[in-house]
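The structure appears below as structure tokens.
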Amino acid sequence: MLAMMADWTAWDYIAAVIDITILSFVVYKLLILVRGTRAAQLLKGIFMILIMSIVSEWVGLHAVQWLLDQVWASIFLILVVVFQPELRRVLEQMGRGRLFSGRNTLSTTDLAHLIDALVEAAVACAKTKTGALLVVERETGLNDYIESGIPVDAAVTKELLMNIFVPNTPLHDGAAIIRGDRVAAAACFLPLSDNPYISMSLGTRHRAGIGITEVSDAVVLIVSEETGVISLAQDGKLLRHLDDRQLRERLGEHFSKADSSSPFRKKGGES
């Protein structure tokens with residue numbers, strides 16, 4: 001290897017650096033794409049199988065090694081079947097030119113306005129026991145769910161959010177999805193969580209709110225129609241009985257983290 005590298009020209013070194021940089025960037029974007037989805041957990045499982053395969057070969061566990069070899073022989077077919085939703089999302093984002101583009105960022109002022117509107121709308125809905133389901137898109141794209149609803153494309157305001165969830169109106173049922181500082185769509189259908197540990201006292205609205213956080217990194221705000229309780233869901237977990245101060249703090253924590261992958265960075269189960 002060293003002898004071969006000794007014959008490299010300056011361009012060979014530059015090309016190698018460019019090659020590694022591009023590959024690293026692609027892998028990084030793909031990891032960001034699956035972060036917060038079920039694919040991330042599956043990738044951990046594949047990594048564990050790889051470790052088991054290496055250990056079994058080193059120790060001499062021939063039966064285990066044979067079984068793992070059969071798994072690796074069909075791994076690509078397994079990946080296509082298991083990662084079908086994620087693969088489709090990648091191809092869709094490539095077609096839209098979004099795989100390598102960052103999401104719009106919000107300034108500190110816009111972020112504060114968004115949080116204010118979310119908190120004020122939630123508190124107002126809670127007082128009148130108006131059911132609400134607000135989904136804030138982050139890094140994982142929610143186009144599939146946005147397309148299932150009614151397009152809105154309007155600036156986020158307390159009044160708009162309250163009007164969307166007025167009972168017996170066309171937009172009342174389903175979720176409102178927020179992208180950046182705009183309501184992208186309302187009356188959107190979300191996947192229901194099949195987590196068996198969710199309290200039986202929680203209805204479809206809460207299961208849908210938890211479900212979307214199991215397949216994306218979205219943050220979901222839920223107001224119960226029966227009790228007026230305000231809840232916040234993320235990463236498949238649900239925080240309940242939040243008041244306006246607690247809700248504001250939680251949203252601030254989620255959206256103001258110094259996370260380079262978050263579209264809310266500043267410019268310049270149940271628990």
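The values are calculated or read from the model by the stated rules, or taken from the named source; none is laboratory data. Predicted model only: the values in this text are computed from it and were never measured. Every residue, glycine among them, receives a Cβ derived from its backbone with ideal geometry; neighbour counts consider all protein chains shown. Ligands, DNA and RNA are excluded from the accessible area calculation, which covers all protein heavy atoms including side chains. Shrake-Rupley method; radii C 1.70, N 1.55, O 1.52, S 1.80 Å.
Summary table below
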item	result
Val71 - accessible surface, heavy atoms, 1.4 Å probe, Å² rounded to 10	40 Å²
By accessible area with a 1.4 Å probe, ligands and nucleic acids excluded, highest first: order of Glu57, Glu249, Glu139	Glu57, Glu249, Glu139
Exposure of Arg245 as accessible area (Å², to 10), given a probe of 1.4 Å and all protein chains	130 Å²
Reachable aspartates and glutamates, given that their alpha-carbon falls under 18 Å from the alpha-carbon of Lys29 and they are not under 8 places away in the same chain	Asp19, Glu86, Glu92, Glu137, Glu139, Asp217, Asp259
Members of Lys127/Lys158; Lys127/Lys237; Lys44/Lys237 lying beyond 22 Å, as alpha-carbon distances in this model show	Lys127/Lys237
Packing-based ranking, highest mean first, of 221-232, 106-117, 203-214, 13-24 given that Cβ atoms within 10 Å are counted	203-214, 221-232, 106-117, 13-24
Length-normalised contact order for the stretch 101-173 - Cα pairs under 8 Å, 6+ apart - percent	39 percent
Cα-projected label distance for Ile150 with Asp19, points at 7 Å along beta-carbon direction, nm	5.6 nm
Computed over the stretch 113-233, Kirkwood Rh from alpha-carbon pairs, angstrom	14.0 Å
Heavy-atom accessible surface of the stretch 135-195: percent carbon and sulfur, 1.4 Å	55 percent
Full-extension gain in nm, Leu67 to Leu239, via 0.36 nm per residue minus C-alpha separation	57.7 nm
Per-peptide average of other Cβ atoms within 10 Å, ordering 46-56, 126-136 highest first	126-136, 46-56
Efficiency of FRET between Asn163 and Phe47 - r from beta-carbon atoms, R0 51 angstrom, step 0.05	0.60
